Each structure stands twice: as structure tokens, then as C-alpha cells.
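The block underneath contains the structure these notes are about, expressed in C-alpha cells.
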Amino acid sequence: MANRRLMDRKESLWGRIKRIALTDVGALMRGLNAEDLENMERVLIEADFGVANTVELTQALEDEVRRGKLKTEADLRNALEGRLAALLNGRVDPGAIARAEPGPTVVLMVGVNGTGKTTTAAKLARRLQREGRKVLLAAADTYRAGAIAQLQIWAGRLDIPCVAGEPGGDPASVVYNAIDAAGSRGLDTIIVDTAGRLHTQEGLMDELRKVVRVAGRRQPGAPHETLLVLDGTVGQNAVQQGKLFAQAVSPTGIVVTKLDGSARGGAVAALRRELDLPIRFLGVGEGVDDLEPFDPHRFAAHLLAEEPG
Ligand SMILES: Nc1nc2c(ncn2[C@@H]2O[C@H](COP(=O)(O)OP(=O)(O)O)[C@@H](O)[C@H]2O)c(=O)[nH]1
Ligand SMILES: [Mg+2]
């Protein structure tokens, strides 16, 4: 099961907190001292939680210890898990992709090269196909010929139609054509793969803005979802990337990829907080079924499990 591979690592986060921050068995009885707190902060920062989450979590725990609410390690672990789940919660149903009436629904995938956009587009296509939707893939990463071919190969494997333009062509016109094609073929959901690199960053953002504009003119409300795909292994860089895209295209949620091999799943919490967008899916492998709707409680429990992986 993909689940088991999530957050595969040598030592669990909770293991590290215990080993580094709770060395003294009396720590919880006497209250956490400055050194305990500093150590806990260090573990959380190293796990990519980000400064704001780290400070908030450790201060809240310190406060509860001081007021005598947390007396055992299990109390502390449960308190941390509850607070983590609360801050990961996105107030939407992560797995429920919008549905336009009348269709087609347009789902735009955006993000930097190599984060997993194309793979995630294929995984999502498969998932929506299983939900009974009639899916069309659109290869709007026209920057590299290889990118078009990569999506076409996935489309072939999944037996899903794919609209592509010419390498170097206008991605907005690919989207326009895909909306027409969906109409004439009776397909209800279009998943649009886009470029993650152009000659300049501003060039890329302008191109994406144009895709959004053209899609919205051809189909009211489109794109109905814009999913920001971010690599969960690059820590604070993912936050910086996410902010750039969020300024240009108003994402409706985040997909965090590559969490199968990472020892540092705290990035998910940093992204949730610093981009103020719901986490929608996690990528947990390279296979087409390695996509999970995000469950904040399960993820928090997993992050703080006694045993790794
Ligand atoms: N381990 C792992 N690899 C992934 C995941 N998602 C994508 N990849 C791999 O990351 C690489 C880049 O993916 P790709 O979809 O081409 O990224 P794009 O440039 O954003 O379109 C490929 O080798 C993918 O197989 C994931 O969730 N876990
Ligand atoms: Mg790609």
C-alpha cells in the first residue's frame, strides 16, 4: 500500500523529539526548560516545519506542560499531534475536484519543472476516471517536445485522450482546443499540464496568466481548479516557489509530491501555513496510483508515529 511508504525514514520524528528534546526523564515533571525547548525547536526546524509553526507548536506545548496538563510523553505526543492536525486542516474536502455545470471542468496543474506536474496530472486523470468522469488530458507544456511526449505516453497507458499542440506553440491555444475537443467528444473534465520553466520567470508567469485568461473566456469559471504542485523534499524552497505561483494564478490547492522518500514531512505544514492554501493531495511514489487525498489527522498521526515509515 502506498500508505506504508509515506514518510519512510530511519528515525521517526517523535523518536528524534524524544531522543533530543526529552532526554531528561524529569523534563515533563519539572516543566520544559529553555534547553528542552530549543532542542525541540531544532528538531522541528530540521524537519522543515518552518519558523512560525515551530515557534507556535513549542510555545503551546511549553504552556500546557507548565499548567500541568501534559504529564507523560504520551500526553505530549498526543497534544502535538492534535495541534499539528489542526494547523494542517484546510476546511475543504481535499479529494473533491470541482465539477462545472455545464462542463467541461478545467483543472490546471502548475509548478516548477521536476516537481511532478506531469506525473500528478496522469495520477489525477486516473483517479477522476475511476470516479466515473470522462477525462481529457491537455499537453500545454509546449516548451519542451519531451514534455508533450511524456504526457502522451501516460495518456496511451491510461487510455485517456490527449490534446497536444506543436512544440514551441502557444499553450493557451492548446487549452482552447482542448475545451472545444471536450465539447465535441462529450468529455467532462480536462486536466491541463503546463510548463515549469521558460526563458525567464516573468515569462512563465505571463504565459500561465494567459492560459488562465483564455480558458476563462472559452469556458465560464475556468480553470475551476488550479493545483500547485510542490516537491515535499526541498523544504523552504517549495514555500518560495509556491508564493511566486500563487501571485500569478490563484491556486485552489496544493499537491505535495515525493513524500515517499522524505525524512522531513514538516514541509507540508510549512506550505499549509505560509501559502494559506489547502493541501489537496500527496504524491507518494512514481506509479499512477501513488496519489492520496490529504487527510490532516492521518498525516499528523503518521508524522508522529512511534515507529518510522
Ligand atoms: N518518488 C516520487 N517521485 C515522483 C513523485 N511525483 C513525481 N515523481 C518523479 O519526479 C520526476 C519529475 O516528475 P514530472 O512529472 O516529470 O515533473 P514535472 O517536470 O513537474 O512535470 C519524475 O521522475 C517522476 O517520476 C512522487 O510522488 N514520488
Ligand atoms: Mg512536466
> Which one of A182, L259, G221 has its Cα pushed farthest toward the positive end of the charge dipole of the chain, where Lys and Arg give +1 and Asp and Glu give -1 at the Cβ?
Replying inline: A182
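How much of the calculated P(r) for the range 44-128 lies past 19 Å, in percent of all Cα pairs? Intermediate results must be reported in sequence, preceding the final value.
Details: 2197 of 3570 pairs.
Percent of Cα pairs beyond 19 Å in the range 44-128: 62.
Can you pick out the pairs among K18/K258; K134/K210; K117/K258; K123/K243 whose Cα atoms lie more than 19 Å from each other?
On the way: K18/K258 26 Å; K134/K210 26 Å; K117/K258 12 Å; K123/K243 24 Å.
From K18/K258; K134/K210; K117/K258; K123/K243, over 19 Å: K18/K258; K134/K210; K123/K243.
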> In the chain, how does Rg compare with the Kirkwood Rh, expressed as the Rg/Rh ratio over alpha carbon atoms?
Replying inline: 1.05
> For the chain, what is the mean residue ellipticity at 222 nm derived from helices alone (per DSSP H run of n ≥ 4: -39500 (n - 2.57); sum divided by total residues; nearest 500 deg cm²/dmol)?
Replying inline: -15000 deg cm²/dmol
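Determine the equivalent ellipsoid of the range 91-189 by diagonalising the alpha-carbon gyration tensor, then write out the semi-axes as square roots of 5 times the eigenvalues, largest first, rounded to whole Å. Working shown, then result.
Details: eigenvalues 84, 53, 34 Å².
Computed over the range 91-189, the values are 21, 16, 13 Å.
Mind checking the full-extension length gain between R19 and H199? Use 0.36 nm per residue of separation minus the Cα-Cα distance, one decimal, nm.
Numbers: separation 180, 0.36 × 180 = 64.80 nm, distance 4.71 nm.
Full-extension gain reported as 60.1 nm.
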>> For the range 236-290, take N as its residue count and report Rg(C-alpha) divided by 2.2 N^0.38 Å.
In response: 1.13
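Based on the mean of other beta carbon atoms within 10 Å per residue, what is the order of 168-179, 79-90, 228-239, most packed first?
Details: 168-179: 20.2, 79-90: 17.9, 228-239: 22.6.
Final packing ranking: 228-239, 168-179, 79-90.
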>> For a distance above 28 Å, tell me the whole-number percent of Cα pairs in the range 173-309 that qualify.
In response: 26 percent
>> Looking at the chain as a GNM with Cα springs under 10 Å, which of M40, M29, M109 has the largest mean-square fluctuation?
In response: M29
> Share of antiparallel DSSP beta bridges in the chain, in percent to the nearest 5?
Replying inline: 10 percent
> Suppose R0 equals 35 Å; then what is the FRET efficiency for A74 and A96 from their Cβ-Cβ distance, rounded to the nearest 0.05?
Replying inline: 0.55
> Suppose R0 equals 35 Å; then what is the FRET efficiency for R157 and A301 from their Cβ-Cβ distance, rounded to the nearest 0.05?
Replying inline: 0.55
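What per residue convex hull volume, in Å³, do the alpha-carbon atoms of the range 197-264 yield? Walk me through the intermediate numbers first.
Numbers: hull volume 6.2 nm³, N = 68.
It comes to 91 Å³ per residue, whole-number rounded.
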> Between R67 and Q236, what FRET efficiency follows from the Cβ-Cβ distance if R0 is 35 Å, with the result rounded to 0.05?
Replying inline: 0.60
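None of the figures in this text is laboratory data; all of them are computed from the coordinates on show. Given the structure is predicted, the values throughout are model-derived calculations rather than measurements. Ideal geometry is used to build each Cβ from the backbone, glycine not excepted, and the neighbour counts take in all protein chains shown.
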